[in-house]
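Shown next, in structure tokens, is the structure this report addresses.
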Amino acid sequence: MAGGDILVRSISIDDAVDFNRLVGVVARERRYLRFLDAPSMDRTVDFLRESLAAGNPHLGAVVDGELIGWCDVCRHSFEIEAHVGTLGIGLLPEFRGKGIGKALLDMTVAAAERLDFQRIELTVFSDNRRAIALYETRGFVREGVMRAAARFGNEYRDVVVMARLAPSLQSEAALAN
Ligand SMILES: CC(C)(COP(=O)(O)OP(=O)(O)OC[C@H]1O[C@@H](n2cnc3c(N)ncnc32)[C@H](O)[C@@H]1OP(=O)(O)O)[C@@H](O)C(=O)NCCC(=O)NCCS
């Protein structure tokens with residue numbers, strides 16, 4: 001990190017351009033995300049504006065003033081799923097494997113649980129070992145595999161569904177089983 005300090009802070013609408021650029025870099029790797037390029041700027045601005053207005057946690061990792069990673073949890077819109085959020089995370093390639101993702105995930109999950117998200121779920125490609133290892137150490141459990149749910153050109157990939165229940169729900173789930 002060239003000696004730069006890492007700052008984890010909330011993302012605001014003012015970060016839309018940098019957020020869009022960051023998401024685009026990770027998407028174009030065609031290995032980690034469900035989309036293959038950045039959304040348009042208009043879509044990014046709309047997404048951020050609506051999600052921030054809904055109170056969803058959006059955190060960013062900043063190194064030397066540059067936004068190099070994001071993690072967010074977006075609440076589901078149906079009333080019966082209002083306790084559920086979907087998590088997204090990504091870092092620029094050169095900042096991976098240095099513990100930043102772990103710090104960003106921990107802070108985002110803590111923020112989400114303070115906001116009463118009781119179930120945080122995500123999907124991850126089955127060959128994304130680093131992400132799966134990180135999620136497992138943070139209390140996310142594999143719930144199933146959607147076989148061949150993604151196709152990149154001629155290559156089909158399996159998608160793993162994972163979720164973490166807030167401590168209050170973990171005891172309820174344990175009682176029900
Ligand atoms: C997934 C991602 C956010 C993880 O962040 P990171 O900063 O690279 O990960 P960390 O350095 O914090 O490592 C977290 C854990 O991952 C595991 N890990 C790290 N490097 C690994 C590797 N090369 N292979 C397997 N596991 C690895 C370890 O369990 C590590 O915990 P430990 O340090 O206590 O052993 C980041 O790698 C990334 O942006 N990847 C591309 C985008 C992506 O996959 N997003 C998720 C889509 S579902």
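No value in this document is a laboratory result; all are computed from the given coordinates. None of these values were measured; they are calculated from a predicted model. Methodologically, a virtual Cβ is constructed for each residue, glycine included, from the backbone with ideal geometry; neighbour enumeration extends over all protein chains shown.
Residue by residue through region 102-117, what is 3J(HN,Hα) from phi via Karplus (6.51 cos²θ - 1.76 cosθ + 1.60, θ = phi - 60°)? Round to whole Hz and write x for glycine and proline.
Karplus-based 3J(HN,Hα) across region 102-117 equals 4, 5, 5, 5, 4, 5, 6, 5, 4, 5, 5, 6, 5, 8, 6, 6 Hz.
Kindly put His58, His76 in sequence by how many other C-beta atoms sit within 10 Å of each C-beta, fewest to most. Write out the running numbers ahead of the final one.
Working: His58 22, His76 15.
Least crowded to most crowded, the residues run His76, His58.
What GluC sites (Glu not before Pro) does region 1-87 have in DSSP loop regions with at most 15 other beta carbons within 10 Å? All intermediate terms of the calculation are to be shown ahead of the outcome.
On the way: sites: Glu29, Glu50, Glu66, Glu79, Glu81; in loops: Glu29.
Those that pass, being in a loop and sparsely packed, are Glu29.
Out of residues 5 or more away from Phe125 or on other chains, whose amide H comes under 5 Å of its own, with H placed 1.01 Å from N in the peptide plane?
Val160
Within 13 Å, Cβ to Cβ, of Glu113, how many net charges do the neighbouring residues add up to if Lys/Arg are +1 and Asp/Glu are -1? Show your work: numbers first, answer last.
Details: positive: Arg75, Arg114, Arg119, Arg138, Arg164; negative: Asp106, Asp116.
Result for the neighbourhood of Glu113: +3.
How would Glu136, Glu121 line up from fewest to most surrounding beta-carbon atoms within 10 angstrom?
Glu136, Glu121
Output wanted: per-residue J couplings in Hz (rounded whole) for region 11-25, from phi through Karplus 6.51 cos²θ - 1.76 cosθ + 1.60, θ = phi - 60°, x for Gly and Pro.
For region 11-25, the Karplus-derived couplings read 8, 10, 4, 5, 8, 4, 5, 5, 4, 4, 5, 4, 4, x, 4 Hz, x marking Gly and Pro.
Starting from the Cα of Arg31, step 7 Å along the direction of its Cβ; do the same at Ala82; then give the gap between the two resulting points in nm.
4.1
Between Met41 and Asp116, what is the label-point separation in nm under the 7 Å Cα-to-beta-carbon projection?
The answer from the label model is 3.8 nm.
In which sequence would Val17, Val73 go, from the one with the fewest C-beta neighbours within 10 Å to the one with the most?
Numbers: Val17 12, Val73 25.
Lowest count first: Val17, Val73.
Suppose only helical runs count, i.e. DSSP H with n ≥ 4. What mean residue ellipticity at 222 nm does that imply for the chain under -39500 (n - 2.57) per run, divided by all residues and rounded to the nearest 500 deg cm²/dmol?
On the way: 5 runs with 60 residues, N = 177.
Per the formula, -10500 deg cm²/dmol.
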